[in-house]
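Here, each number is a calculation from the coordinates, and none is a lab measurement. Please read these numbers as outputs of a predicted model, since none were measured by experiment. A quick note on method: Cβ atoms are made from the backbone with ideal geometry, for glycine too, and the neighbour counts reach across all protein chains shown.
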Amino acid sequence: MCGIVGYTGKSSALTPVLEGLRRLEYRGYDSAGIAIPVGIGQPLWVEKRAGKLGNLEQTLDGTSPQSHSGIGHTRWATHGGPTDRNAHPHLDNEGKLALIHNGIIENYVELRSELEAKGHHFVSETDTESVVHLLSDARKAHDGDLAAAMRDVCARLRGSFTLLAIHSDDPDRIVGARRNSPLVVGVGDGENFLASDVAAFITHTKRALELGQDEVVDITPTSIVITNLAGDVLPPHEYEISWDASAAERGGFSHFMLKEIYEQPKAIADTLIGRINGFDAHLTSGIDLAHIKKIVIIAAGTAFHAGLVGKYAIEQWSGLAVEVELASEYRYREPIVDRTTLIIPISQSGETMDTLMAMRYAKSHGAQIFSVCNTNGSTIPRESDAVLYTIAGPEIAVASTKAFITQLIAMYLIGLHLGQFTGVITAEFVAQMHDELAELPDKVEQVLETVEPLRTLTRQFKDSSSMLFLGRHVGFPTALEGALKLKELAYMHAEGFAGGELKHGPIALIDIGTPVVAVMPNVDTLLAEKMASNVQEVKARGAVVIAISNGEVPAANHVIRIPSTHDLLTPVLAVVPLQVIAYEMAVARGNDVDQPRNLAKSVTVE
Ligand code: AGP
């Protein structure tokens, strides 16, 4: 959702704030704004513009004020359209207090009526503006103590939020708060940072502090004080950011997504380090496996597709029943969940609200939580009993690629680990599978070396109105993932189907020239034979078929060859050409690859 940055220190704030916003723009790009104090007690200098950060940057020039603190925001609109007026920061009526917000304030209507009745004048349609007026009154009630005011205000808010505020009476101070929405502190030398994500300040410091639920943080260049809403000072939880600053740069690639596609071999290798060939014994420490009768994987979007693949592997190897649930649906159907249920939330960001709420629901009913996450210190792992971190590094492009592939690896590691625990698979089998896993980085590299013709081929379909993806077994979730990638990047109608379901309806969609991608990785299997029949069926009705396979597919018009691997591991190789198709189609159609319309990387609202 929105990206938030605060800086107070020795530099001119405009530079680190804009640099942070640039790195956080993946979180939302409907509008952007910045607030900077220009003199004690003076109205703040505020600039904000609808559209991407570039629009805001164009309005800034050498005459923009120099100041040692400031806050900035890049927005993904919820309440109020993406206009200049609705862009953050929002101001109190004196223009001295500025506030930026990520999340949704559910009780903003009642707050707004109350504040309007008191004489506050509103200028936007946002939920956020109610908070800045409320904070303004609370600050006065606390004799200018912004942190105390923030604590009072948070206690009155319903919903989810990260808030940052700055007042020109105390220009070096920035106060932040969070509930169900991310906020981290960057600890510098004579300078401190607040941001939605460490990427915002990674070039300045690798020291970060976690903030818990309903905590308020008060920073100046030389101090950081964290309190709960009662005002008790809390000990800081510091951690070192392991990501390299260059990981958050495009590094010569035309888009982050392309770079991230090419980083997949390394991401897989890094995720396997210390977890295979005898080093996996502690994978689930913290979890009481002996009493687990059922596993429920909860996730959203691409992570959900990783979970679907996980079901095949975990059930087959462990003999434990696995359900995979869309996080947004899970808690609203009163699912059967108790101490014997192991919940596996999968989330790249660790902040997806649907996943977090589903997980909390299960936890409150006694379930144990073993999360799979890519973001250290984020909320989902913090609230879990145990975590398996994927080591994909920062994923900046909105469309998930390397995070997905490492989530698949996590599923296999968990399946093999549980299989040993239940005794369904032998140590020899596990060793063999670990060897197969260890070969995947090279095999993905091979796929990447041979996808060039696919890029030209994809462009032939740039004007198609629809593209269909077919697969069976683990090829089915792979097909779903291929379709999701294409939708979000190419804005093209796309659907993934189980091959066997075609005849039950979807085949009616096939017309002359409809492109169909058939995921049929291992040719010599029964499933590939069945898929070959599906290919014949769609081709007979005019479809142009691109098969993803390790061998010849005579019925297909085009074959993209991938190396062989164990059936359950094939999504790792088969998904790569699908990512390339989506990427190339987006480029061919002139779309913004890294920041597709209407989307945001981390979805922190329900
Ligand atoms: C995938 O390309 C998406 N951008 C989206 O579906 C994403 O996977 C989903 O929102 C879940 O995010 P998470 O992994 O951060 O929880």
Simple spin-label estimate for residue 142 and residue 156 in nanometres, 7 Å along Cα-Cβ: 1.2 nm
Charge-dipole axis of region 22-63 as Lys and Arg at +1 and Asp and Glu at -1 on Cβ define it, positive-most pick from 60, 24, 35: 24
Projected label distance in nm at residue 291 and residue 117, using a 7 Å step from Cα toward the beta-carbon: 5.0 nm
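Please compute the contact order of the chain in relative form: average sequence separation of alpha-carbon pairs under 8 Å and at least six residues apart, divided by the residue count, as a percent.
12 percent
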Compactness of region 381-521, expressed as Rg and Dmax over alpha-carbon positions, Å: 18.3, 53
Inter-site label distance for residue 273 and residue 323 at 7 Å from Cα along Cβ, in nm: 3.8 nm
Two-decimal Rg/Rh across region 1-151, once Rg and the Kirkwood Rh are taken from alpha-carbon atoms: 0.95
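Nearest 0.05, what FRET efficiency do residue 511 and residue 214 give at R0 = 51 Å with Cβ-Cβ as r?
Efficiency computed from Cβ-Cβ geometry: 0.40.
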Rh (Kirkwood; distinct C-alpha pairs) - the chain, Å: 25.2 Å
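Fully extended, how many nm does the chain gain between residue 429 and residue 233 (0.36 nm per residue separation, minus their Cα-Cα distance)?
Gain in length upon complete extension: 65.3 nm.
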Region 335-415, Rg to Rh (Cα coordinates; Rh as Kirkwood inverse mean 1/r): 0.97
Within region 209-298: Cβ-based charge dipole about Cα centre, in debye rounded to nearest 20 (Lys, Arg +1; Asp, Glu -1): 580 debye
Lys, Arg +1 and Asp, Glu -1 on Cβ, resulting dipole of the chain about Cα centre, debye, nearest 20: 880 debye
Region 468-606, relative contact order in percent, only Cα pairs under 8 angstrom and at least six apart counted: 26 percent
Euclidean distance of C-alpha centroids, region 427-488 and region 106-139, integer Å: 50 Å
Span per principal axis, largest first, for the Cα atoms of region 238-381 (Å): 50, 37, 35
Charge dipole of region 260-350 about the Cα centre (unit charges at C-beta), most positive-ward option of 346, 277, 316: 316
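List 332, 262 from most exposed to least, where exposure is judged by having the fewest other Cβ atoms within 10 Å.
Going from least to most buried by this count: 332, 262.
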Proportion of all alpha-carbon pairs of region 31-88 beyond 12 Å (%): 65 percent
At most 15 other Cβ within 10 Å, DSSP loop - trypsin sites (Lys or Arg not before Pro), region 475-554: 541
Dipole magnitude of region 50-123 about its Cα centre (Cβ charges: Lys, Arg +1; Asp, Glu -1), debye to nearest 20: 120 debye
Alpha-carbon Rg with Dmax, taken over region 195-317, Å: 19.9, 55
Estimated FRET transfer efficiency (residue 529, residue 436; beta-carbon r; R0 35 Å; 0.05): 0.95
Principal axis dimensions, region 391-451 - Cα atoms, whole angstrom, descending: 40, 24, 15
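Could you sort out which of 118/140; 10/140; 266/443 sit more than 22 Å apart by Cα distance in this structure?
10/140
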Tail fraction, Cα-Cα pairs, region 101-191, threshold 22 Å, whole percent: 27 percent
Positive dipole terminus of the chain, leading residue within 229, 466, 570 (C-beta point charges): 466
For q = 0.18 Å⁻¹, Debye-computed log10 I/I(0) when each Cα of region 250-324 counts as one equal scatterer: -0.98
Partners for residue 462 among aspartates and glutamates (Cα-Cα distance below 13 Å; same-chain residues under 8 apart left out): 584
Region 266-308 residues near the modelled residue 446 label - backbone nitrogen below 18 Å, point 7 Å along Cα→Cβ: 266, 268-269
At 0.692 mPa s and 37 °C, Stokes D of region 513-589 from Kirkwood alpha-carbon radius, µm² per second: 257 µm²/s
Cα principal axis extents for region 544-598, largest first, Å: 36, 25, 14
Charge sum, other residues only, whose C-beta stays under 12 Å from residue 73's C-beta, Lys/Arg counted +1 and Asp/Glu -1: +1
Percent breakdown of C-alpha pair distances by 5 Å bin, ordered from the shortest bin, for region 464-606: 2, 11, 21, 23, 19, 13, 7, 4, 1, 0
